1. Mind checking which helices (runs of 4 or more DSSP H) fall wholly inside the range 236-351 and carry at least 2 residues that are modelled with pLDDT of 95 or more and of a type in the set (Val, Ile, Thr)?
2. Condition first: touching a Pro at 6+ places or on another chain (Cβ under 8 Å) and among the aliphatic types (A, V, I, L, M). Now tell me which residues in the range 112-142 satisfy that.
3. Given the conditions (1) outside any helix (DSSP H, G or I); (2) over 19 Å from the mean Cα position of the chain (by Cα), which single one is not true for residue 145?
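The values are calculated or read from the model by the stated rules, or taken from the named source; none is laboratory data. Predicted model only: the values in this text are computed from it and were never measured. As a convention, Cβ positions derive from the backbone with ideal geometry for all residues, glycine included, and neighbour counts pool all protein chains shown.
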Amino acid sequence: MVELLSEYGLFLAKAVTVVIAILFVIGGIASSSMRGRSEQNGLVKVTHLNEAFDEMTDALKSVVLTRDQLKEEEKAEKKKEKEERKAAKKLKDEDKKDKKRIYVLDFDGDVKAEGVEALGTEITAVLSLATKNDEIVLRLESPGGQVHAYGLAASQLSRINDRGIPFTVCVDKVAASGGYMMACIADNIIAAPFSILGSVGVVAELPNFNKVMKKYDVDYDVYTAGAFKRTVTVLGENTDEGKAKFVEELESTHVLFKEWVSANRPSLDIEKIATGEHWYGSQALELGLIDSLKTSEDYLFDASKDADVYEVSFQVKQSVADKLGFAAEKAATRSLTRWWSEITARHNRIV
């Protein structure tokens with residue numbers, strides 16, 4: 001019986017492996033198709049957050065308040081609207097101003113800041129309509145990553161400042177290193193009390209397998225033109241001169257980072273905060289890294305009382321191949337999880 005179950009388990013494992021391999025091939029083809037397409041093959045989605053807030057409030061009122069209280073609320077709301085219409089009529093045409101608009105963008109950054117193209121598209125869309133009387137809010141989450149990628153992301157945000165439009169960054173969890181490189185551009189930085197900010201520094205980690213290769217008599221040659229075309233390598237033997245040059249390049253990048261932060265937040269004690277350390281929101285406020293403590297949800301909800309708040313996002317159109325790729329990935333994950341659970345369960349029964 002034990003042998004039969006073992007053979008069945010082995011057969012099941014082979015069958016599931018073949019299925020997963022096929023699904024991954026399909027998913028890989030679909031993913032390659034998606035990567036090959038332009039980011040511009042998508043659409044900009046706009047959501048009026050005021051309506052979403054109102055719907056939540058109305059849902060609670062309908063359950064919590066009595067019928068009489070609901071009638072009183074309705075009367076008060078109609079009275080308020082009537083007074084606002086009267087006040088608007090009394091204003092001269094030249095005194096009338098459009099209601100302030102707040103445009104909300106999101107950036108959830110990874111090491112490569114892969115969302116930067118979508119962010120650029122969203123900024124272009126908003127700048128086509130926003131005025132100096134409006135405001136742009138970026139909900140930013142990022143632990144940082146590649147210097148050139150986050151440099152581009154920061155440059156995209158600088159377009160907002162160049163047009164003189166008020167700009168606020170909200171950080172609920174983390175804006176460190178490249179994330180803070182982006183955040184410091186804002187006129188106003190708001191963060192949750194336990195969010196992580198700062199990490200104004202540069203780091204590079206590089207494993208070296210040269211000793212292992214020497215142990216097995218494997219040669220690895222690097223041919224370059226230019227003394228410092230390749231300073232350090234993973235497989236070759238790193239020289240003291242090459243290491244020193246690599247550290248020099250890191251220091252040079254750190255100097256540029258500090259200059260960028262100082263230019264955007266001149267009141268900061270740059271030498272004090274540019275040590276590579278990070279701080280929680282309440283500590284960051286004391287150091288001047290941010291301007292106030294509040295969550296993005298709280299900030300936008302308060303702002304919606306006097307302004308129209310719109311969430312703007314760029315969404316890539318998915319082809320059938322893209323959807324198939326994502327479906328294949330999910331199916332593969334489910335199959336692998338189910339297979340492991342079944343094997344574990346049978347092993348427990350056999351024992």
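1. Fully inside the range 236-351 and qualifying: 240-264, 270-273.
2. 136
3. Exception for residue 145: condition (2).
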